[in-house]
Structures are given as structure tokens and as C-alpha cells.
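Just below is one structure, and these are the notes that go with it.
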Amino acid sequence: MTIVQAIIIAIVEGLTEFLPISSTGHMIIAEKVLGITPDEFVKAFTVSIQFGAILSVLVFYWRRFLQGASFYAKLFIAFLPAALVALLFGDTIDARLENVTVVAITLLLGGVVLLFIDKWMHHEEDNGVTPKRAFIIGLFQCIALIPGVSRSAATIIGGLSQGLTRKHAAEFSFFLAVPTMAAAAGYKLLKVVLARAGIVDSDHIGVKMHKAHDVVRHAVHSSKFDLLVIGEVVAFIVALLAIKFFIGFLNKHGFRLFGWYRIALGLALLVLLALGVDLSVL
């Protein structure tokens, strides 16, 4: 991976993570178009830059994260369903569904939903997120485990279905992203490190954990560490701008533009795939 490729992937992550257009789907497409081989470092890179996006939420809404235990209890309730499903079936979902065809189909279908969601679920007032509403939003988040669905879109629609306004639904989606993305990114990054170190069983675990430490230390002292730092910074800045833009745009215009974008991109990908076009040469 070159510096230019790292910057492009980080921009894609930061720009799409909190918009209802699927960051995972866009990164899969971007890696394919850029001709990036998904080796161990690339997997670690795409996971680690999510921490930059997480930090943008904490910075933008830092006062909200100083609230009491009730705030964190609701986040935990909403986080739990997807966490359990991912723990049980996450690897299977990734192995079978993480490809451009699935992304194209889910982008298209999700776009159709966004075209009509404003008419179906538009609310001027709400009473905030209750524990019950948080749990139902968490169930919606489970759908986002399918690449291309969009965690943001799923949780915002979940919030709208519970009577939240667009603004409140979007903000709770941002807050929920912090524990969800941190857990997912941390878990996947740990798997990459352990796989690189050859830790596959519990025998001689002390020796193997020392080997894992050597792997991490080598990465930190290698030139690839510069790419990780650049990726984190770029993802943080772009995500910060994307959050500010999305809230303002959503209040004025709703979801239709994002729906048309998803439909156009999904159809374009399906046509290219049907024609047998190699996306890596675009």
C-alpha cells in the first residue's frame, strides 16, 4: 500500500462511516478499484483507521459523553444485540458476503428504502431514547453486519421507527458507533495480530503472546507505521467534517439524495460486473 492509496482509503472511511451509504461497502470497492491486495497489513489498516472516525464523534459530541450512567446504559443495551450476533456469526458473514456483488445489491436495496423513509417515518417531536427504544435500534444494527447495508442507515432507520426525529436518530447512531466500532475494530485488529503471530491454540500461550508483542513492535518501528498514523489523522479530520455536514443536510433535505446515490452506485456496479469488467483496472 502506498501513501496515496492509504490517504484515499482513509478519506473513504472518514467520509462514509457516518453517512447512510456504507463505509464497509465503499472500502471494499475502493480497494478493488485501487488494485490493493487485501494482505495482513491492509486488513489491519482498514480496521485501525476506524479509531480515527470514532475519535471524531468523541470530539464533536464530547459534552454528551459527560452525561450520567443512563446515557451509557442505553448505549450498552443498543450495542449488545449486534455484538452477540457478530461474535457468533461475524466470521461466517464476512467470508460469504464480503464481495462486490453483495455490496452492489445491498447498496441498491438500501437506496430504495431511503427514497421513501422520510414519508414513512418523519417525526417533528419525540421523547428521546428509552431503554426499549435503544434495544430495538440495536436489533436494527444487526442488519448492518451485511456488507453494503450501512450501520448508520440501519440504526437511523431504527431510531425513526421508534419515533425519534431525524436529528436525534442520527445523533444516537453516532453515539452507538463508538462502542460498536471500537469493539469491532479492536476484535478484528487482535485477530490480525494473533494470526500474524501464529497464535491459533492455547498451547505455550506465554511464548506465543510474546511473539505477538514482537509483531506489534516490528509494525510500530517499520515504515508501515507512518501509513497507519496518516490514515488515522485523515480519517479523523474527514469524519469530523462529514458529521457536521450530515446533521445540517439531514435536517433540511432528508435522505432522498443518499438513496439516489446508493441506487446509482449499486446499478453501476451490477452493470460493470455483468459485463465482466475488472474493477481493478478502472
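Some notes on this structure:
- Which listed residue is of a type outside the set (A, V, I, L, M, F, W, C), in contact with a helix residue (DSSP H, G or I) (Cβ under 6 Å, 6 or more places away or on another chain) and open to solvent by 30 Å² or more (accessible area, probe 1.4 Å), from Pro147, Pro131: Pro131
- Filtered by the rule that a residue be part of a loop (DSSP other than H, G, I, E, B) and either β-branched (Val, Ile, Thr) or closer than 13 Å to Ile117 by Cβ (or both), segment 146-182 gives Ile146, Val149, Ser150, Leu164, Thr165.
- When residues of segment 125-149 are limited to those that are at pLDDT 90 or above and of a type in the set (S, T, N, Q), the one farthest from Leu109 (Cα to Cα): Thr130
- Ser56 being on the phi < 0 side of the Ramachandran plot, surrounded by fewer than 22 Cβ atoms within 10 Å (Cβ to Cβ) and assigned to a helix (DSSP H, G or I): no
- Checking Phe249 against (1) surrounded by 13 or more Cβ atoms within 10 Å (Cβ to Cβ); (2) touching a residue at least 24 places away in the same chain (Cβ under 8 Å), the condition it does not meet: (2)
- So Ile36, is it open to solvent by 50 Å² or more (accessible area, probe 1.4 Å), more than 23 Å from Thr155 (Cβ to Cβ) and without any contact (Cβ under 8 Å) to a residue 60 or more places away in the chain: no
Condition check ((1) in contact (Cβ under 8 Å) with a residue 60 or more places away in the chain; (2) surrounded by 16 or more Cβ atoms within 10 Å (Cβ to Cβ); (3) touching a Cys at 6+ places or on another chain (Cβ under 7 Å); (4) on the phi > 0 side of the Ramachandran plot) across all residues:
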position: Gly110; (1), (2), (3), (4): yes, yes, no, no
position: Cys142; (1), (2), (3), (4): yes, yes, no, no
position: Leu160; (1), (2), (3), (4): no, yes, no, no
position: Ala170; (1), (2), (3), (4): yes, yes, no, no
position: Ala182; (1), (2), (3), (4): yes, no, no, no
position: Leu190; (1), (2), (3), (4): no, no, no, no
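- Every listed requirement among (1) within 24 Å of Leu109 (Cα to Cα); (2) open to solvent by 10 Å² or more (accessible area, probe 1.4 Å); (3) aliphatic (A, V, I, L, M) is met by Val178 save one, (1).
- Residue pairs meeting the criteria (Cβ under 7 Å; at least 6 apart or on separate chains; first touching a residue at least 60 places away in the same chain (Cβ under 8 Å), in segment 82-107; second β-branched (Val, Ile, Thr) and assigned to a helix (DSSP H, G or I)): Ala82/Thr180; Glu98/Ile28; Val100/Ile28; Val100/Ile29; Val103/Ile28; Val103/Ile29
The values are calculated or read from the model by the stated rules, or taken from the named source; none is laboratory data. Nothing here was measured: the structure is a model prediction, and the numbers come from that model. Glycine also receives a Cβ, built like all others from the backbone with ideal geometry; neighbour counts cover every protein chain displayed. Accessible surface areas use protein heavy atoms only, side chains included; no ligands, DNA or RNA. Shrake-Rupley method; radii C 1.70, N 1.55, O 1.52, S 1.80 Å.
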